[in-house]
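Take a look at the structure set out below.
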Amino acid sequence: GAGNGLRGRVVLLEFWSPGRAECDLVLPELAWFAEKYAGHPVEIVGVCSVESEQEEAVERVTHDVRRRRVTHPVVIDRGFRIWRAYGIKEWPTFALVDPAGEVVGKVAGLGNRMLVDRYISRLLADHRLAGTLGEPGAAATSELDTASAGLRYPEGVAAVPPSVGEPGWVCVADTGND
């Protein structure tokens, strides 16, 4: 299934919205994470929350992705469904999902690179020792990537928050990989 592609990987979700300057200020941090964790089972996924389900919202997000020079996959969160499922309160926010699919933390605002980095490093170390870490895969960097790459055209996300005794899940429908 779509969620199985992220099983065994640490997923860094970046919640953002078009036209918000504070969201652009985390772009250097995202580039730093992408460079540091290249070759590791870490996937960065942007979650762009928009209020409208109209086509112009998709066009605006597409324009903003290009303007921001984003190289990681971005999912359009129509109607704030993912936003609400994760309890997000502000932009930008990072949320971390461990290799077992459990949401293990979130942090809002700017200047959190060191904190998030410590958590990613710890998750990688803990899951490597537990034998639950997947193989590193090449993350998608553009529309020109081959089908063997990671996420290419994420179409939708279903977020299932954790409940007592059960991990949460992030399922991504990726129409670019057959």
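The values are calculated or read from the model by the stated rules, or taken from the named source; none is laboratory data. Treat the numbers as computed from the prediction; the structure is a model and nothing was measured. No Cβ is skipped: glycine too gets one built from the backbone with ideal geometry, and neighbour counts run over all protein chains shown. Please note that ligands, DNA and RNA were not included when accessible areas were found on the heavy atoms of the full protein model with its side chains. Shrake-Rupley method; radii C 1.70, N 1.55, O 1.52, S 1.80 Å.
Within the stretch 123-134, the set of residues being within 18 Å of the chain's Cα centre (by Cα) and among the charged types (D, E, K, R) is empty. With respect to (1) open to solvent by 60 Å² or more (accessible area, probe 1.4 Å); (2) over 19 Å from A31 (Cβ atoms), the lone exception for R66 is condition (2).
All of G87, G109, G101 fail the test of being within 14 Å of the chain's Cα centre (by Cα) and small (G, A, S), apart from G101.
Entry remark, the stretch 34-64: residues being modelled with pLDDT under 90 and under 16 Å from A21 (Cα atoms) number 6 in total. Screening E90, E43 for residues that are in contact (Cβ under 8 Å) with a residue 12 or more places away in the chain and open to solvent by less than 70 Å² (accessible area, probe 1.4 Å) leaves exactly one candidate, E43. In summary, I76 fulfils each of the numbered conditions (1) touching a helix residue (DSSP H, G or I) at 6+ places or on another chain (Cβ under 6 Å); (2) assigned to a loop (DSSP other than H, G, I, E, B); (3) among the β-branched types (V, I, T) with the single exception of condition (2).
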